[in-house]
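Worksheet for the structure shown next.
No lab work stands behind these numbers, since they all come straight from the coordinates. These numbers were taken from a predicted model, which means no experiment stands behind them. Note: ideal-geometry Cβ built from the backbone for every residue, glycine included; neighbour counts use all protein chains shown.
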Amino acid sequence: ASESLWKQIGLGVVAGSALSSGLSTLASSMSDAFAGAMENEQIHARLITALRGTGDASATTVNQIETLATTMQELAGVDDDAAKAAYTYGLQLGFTNDQLQGVLPGAQGLATVFGTDLQSALRMVAMAQEGNFGQLQRLIPELRNASTEAEKLDIVYRKMADGMDVASGEMETSAGKFKAWKNQVASDMETLAGAAISAAGYISDLFASGDE
């Protein structure tokens with residue numbers, strides 16, 4: 001009887017430990033989700049500010065950017081918020097909205113192949129389009145043998161396309177599919193957290209207006 005009692009106590013301790021660990025993980029995940037949701041708001045605000053600077057902050061343009069960011073997350077594994085932040089950076093570098101629809105995925109291809117971040121790759125593409133191939137020449141030796149700027153740009157664009165193929169291929173692996181699942185879960189949790197923040201703000205405003 002005493003042995004059975006000790007087993008029950010042991011099982012209770014294990015269950016309690018597992019519950020505590022699960023609650024701690026959940027709390028950490030929710031904290032990350034709320035932090036991510038607030039960061040999303042900042043990224044969106046910066047994007048809108050940059051778009052207004054171009055004279056086109058229409059809903060159509062914003063929707064196109066959202067679609068591009070989502071597609072890049074699905075095809076290349078880049079976080080959609082990171083893609084939107086890079087889009088804002090691209091506008092600051094002087095790219096147009098039309099250009100970024102093709103340049104941004106290509107820059108992600110370079111980032112994948114060369115192991116750099118998206119914004120750094122985007123800056124190298126911007127420099128190349130201005131005739132400065134210094135950084136890319138260290139990464140793409142083939143550029144040193146090209147005699148004209150047009151030939152060099154063609155090599156860069158081909159490398160961008162090849163890089164996107166590599167990135168897409170990586171997302172078809174088991175590791176890539178797991179990364180896609182994690183990105184989707186994080187996005188869904190941040191969406192819920194964002195809705196909760198908006199609801200809390202709305203309720204707060206209602207109370208504030210009732211006190212007046």
Lys, Arg +1 and Asp, Glu -1 on Cβ, resulting dipole of the range 103-154 about Cα centre, debye, nearest 20: 160
In order through the range 154-159: 3J(HN,Hα) via Karplus (6.51 cos²θ - 1.76 cosθ + 1.60), integer Hz, x for Gly, Pro: 4, 5, 4, 5, 5, 5
Rounded if a/c under 1.5, otherwise prolate or oblate - the range 99-150, Cα gyration tensor axes: oblate
Estimated distance in nm for a label pair at S120 and R52, the labels positioned 7 Å out from Cα along Cα-to-Cβ: 3.3
Loop GluC sites (Glu not before Pro), the range 70-163 (other Cβ atoms within 10 Å of the site Cβ: 13 or fewer; DSSP): E130
